[in-house]
Each structure stands twice: as C-alpha cells, then as structure tokens.
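Step one of this worksheet: look at the structure below.
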Amino acid sequence: MTELATTLVQNLKELNAKERDHLMRFAYLGATEAYEGDTKRWLSDEMLSALKPQLADIHLSPSARCVFAAMDYHLDWLYAALFRTYKGGETGVLDDGSPCKDDSLRPIIGILEDLDLLVVFADDEKVVVLCIEAKGDASFSKLQLARKLVRLDRIITASVGSPPPMGLHFKLVLIAPNEPAFNDCVEHAKALPGERFSDMRGYLANHPSGIGTGLRFLKLAGFPKTLKKVTRVDPTNASPKRFTHWKIEKR
C-alpha cells in the first residue's frame with residue numbers, strides 16, 4: 001500500500017464517528033483491536049469475494065486488499081478526508097467555486113447524507129474507493145441517485161481534481177436483491193421530470209469524475225423474499241385523515 005493510501009485510510013478513520021459502524025464491526029466481525037491501528041479485519045470473506053468482480057477493470061495486483069470499510073459514512077467526512085490527504089489542509093471554504101444554486105449539493109453541507117458503505121482497496125500502486133448504495137424492497141429513485149451523483153462528483157473534483165490523479169479510482173456500486181432496469185446511473189438520474197429539476201439535469205450533464213457512468217451492480221444475497229409492513233389506518237376514511245389504528249400487511 002502506498003504512503004498516500006495509508007494517509008487516506010488514517011484520515012477516513014479519524015473522521016468516522018458513526019457508532020453504528022463500530023457496533024456492527026464488533027457484532028458481525030468480532031473486531032476488538034484498537035480501531036486506529038486495525039489494518040486487517042474490514043469485511044467478511046463473502047463480501048470480499050462478491051466485490052472482486054467490481055475491481056476487474058482496475059487491474060489491481062495480487063497484493064491488493066481491503067484497507068478500509070465503513071457503513072453510513074458521511075459525504076462531508078469523505079470530502080474532508082480526501083481534501084486533507086491530497087491538499088494537506090485542515091480548513092477550507094464551503095463554496096467550492098463551481099456554479100451551484102443549491103447549497104445542499106456542495107461538497108460539505110452539514111446534513112447527514114451518507115454512503116451505505118464505503119470501501120477502499122489498495123495495492124502497491126493504486127487505490128480504489130467504492131461508494132456503495134444499497135436497496136432492499138425499494139428501488140433506486142432518480143432524485144436520490146441524482147443528488148448522490150452530483151455531490152460525489154463535486155466532492156471528487158473539489159478535493160483531488162477531475163479526472164482524479166493517476167492511480168486513484170472512484171466507483172459507484174449499487175446493491176439490491178434485483179438488478180435495476182437501467183444500465184447507466186447518470187442517464188437514469190438525468191431522467192428526472194419537470195422544470196423543477198432542470199438545474200440537477202444540467203449538473204449531471206457535466207459529470208467529469210465519471211463515477212456514475214455505466215452500472216456496477218452486486219446482487220444482495222440473502223434478502224428475504226417475503227416481507228410485511230406496519231401501516232397506519234384511518235377506519236373512518238375522514239378528511240383530513242386521522243390515523244387512529246394500524247395493521248400488518250404484505251409489503
């Protein structure tokens with residue numbers, strides 16, 4: 001692993017205050033080593049095997065391994081860790097200089113928008129950052145995907161430049177029980193309808209990082225085929241509705 005990769009991992013660790021991630025590492029991986037010094041146990045063997053096909057086009061060497069993984073990793077933290085690693089700064093301005101009417105799409109926004117799973121692989125020359133989004137019975141909505149793609153694109157561009165430096169790769173991976181009906185994340189997100197999202201479509205039309213180009217999909221193994229849900233009920237069908245009851249029904 002390169003010195004740059006080591007620094008990036010350390011910066012990612014120092015910003016990871018997500019208690020759920022540390023709880024799951026303890027509960028599912030049995031991780032008991034000091035987090036700051038842990039260099040080995042990040043993902044299960046099954047997950048590592050499932051992710052390997054997503055790395056095939058990067059042509060990592062046989063020495064490549066997972067060097068960091070965290071669930072619900074905040075996008076603000078990702079930007080700060082990348083910025084700190086590649087530019088050496090501890091502070092910066094919130095306006096990244098790019099034209100943006102929506103402040104909630106800048107690299108740092110102070111809202112807890114995150115990645116379901118952030119995974120970093122590295123060998124002696126390359127670093128691959130996998131940004132993983134997962135769905136269960138829900139679909140990948142155009143708006144949610146569009147927001148994530150715009151923010152990730154701006155995070156990458158404002159922290160390391162676009163295209164990224166030689167040897168640094170960013171990939172978006174979607175995980176779900178069923179493969180999406182679309183084959184390109186950017187094109188799917190650009191299909192947001194209506195004048196309201198014209199700016200968003202414009203941002204997606206200029207996607208220099210390329211993180212959302214194409215589709216990288218991983219089947220979510222073991223997701224239950226039959227699920228139920230709890231629904232609130234208004235037995236009187238009043239207007240406005242008064243949800244005084246509930247029921248369990250098929251999801």
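The values are calculated or read from the model by the stated rules, or taken from the named source; none is laboratory data. Worth saying up front: this structure is predicted, and the values here are computed from it rather than measured. Using ideal geometry, Cβ is built from the backbone for each residue, glycine included, and neighbour counts are taken over all protein chains shown.
Overview of values
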quantity: Residue that is nearest to LEU51 (Cα to Cα), among those in the range 158-176 that are out of contact with any Phe, Trp or Tyr (no Cβ under 7 Å at 6 or more places or on another chain) and in a loop (DSSP other than H, G, I, E, B); calculated: GLY167
quantity: Boolean, GLU125 is of a type in the set (Asp, Glu), without any contact (Cβ under 8 Å) to a residue 24 or more places away in the chain and either part of a loop (DSSP other than H, G, I, E, B) or touching a Leu at 6+ places or on another chain (Cβ under 7 Å) (or both); calculated: no
quantity: Spans of strands (runs of 3 or more DSSP E) in the range 189-251 with at least 3 residues of a type outside the set (A, V, I, L, M, F, W, C); calculated: 228-233, 245-250
quantity: Residues satisfying the stated conditions in the range 30-51, i.e. hydrophobic (A, V, I, L, M, F, W, C) and either modelled with pLDDT of 90 or more or on the phi > 0 side of the Ramachandran plot (or both); calculated: TRP42, LEU43, MET47, LEU48, ALA50, LEU51
quantity: Which numbered condition GLU90 fails, given (1) in a loop (DSSP other than H, G, I, E, B); (2) in contact with a helix residue (DSSP H, G or I) (Cβ under 7 Å, 6 or more places away or on another chain); (3) surrounded by 11 or more Cβ atoms within 10 Å (Cβ to Cβ); calculated: (3)
quantity: Breaking point among (1) surrounded by 11 or more Cβ atoms within 10 Å (Cβ to Cβ); (2) in a helix (DSSP H, G or I), for TYR73; calculated: (2)
quantity: The range 120-171, residues that are of a type in the set (Gly, Ala, Ser) and in contact with a Ser or Thr (Cβ under 6 Å, 6 or more places away or on another chain); calculated: SER162
quantity: Any hit, the range 147-161, residues being among the basic types (Lys, Arg) and touching a Pro at 6+ places or on another chain (Cβ under 6 Å); calculated: yes
quantity: Sole exception among (1) part of a strand (DSSP E or B); (2) over 17 Å from the mean Cα position of the chain (by Cα); (3) of a type in the set (Asp, Glu) for ASP116, by number; calculated: (2)
quantity: Subset of the range 16-49 (residues that are of a type in the set (A, V, I, L, M) and out of contact with any Lys or Arg (no Cβ under 9 Å at 6 or more places or on another chain)); calculated: ALA17, LEU23, MET24, ALA27, ALA34, LEU43, MET47
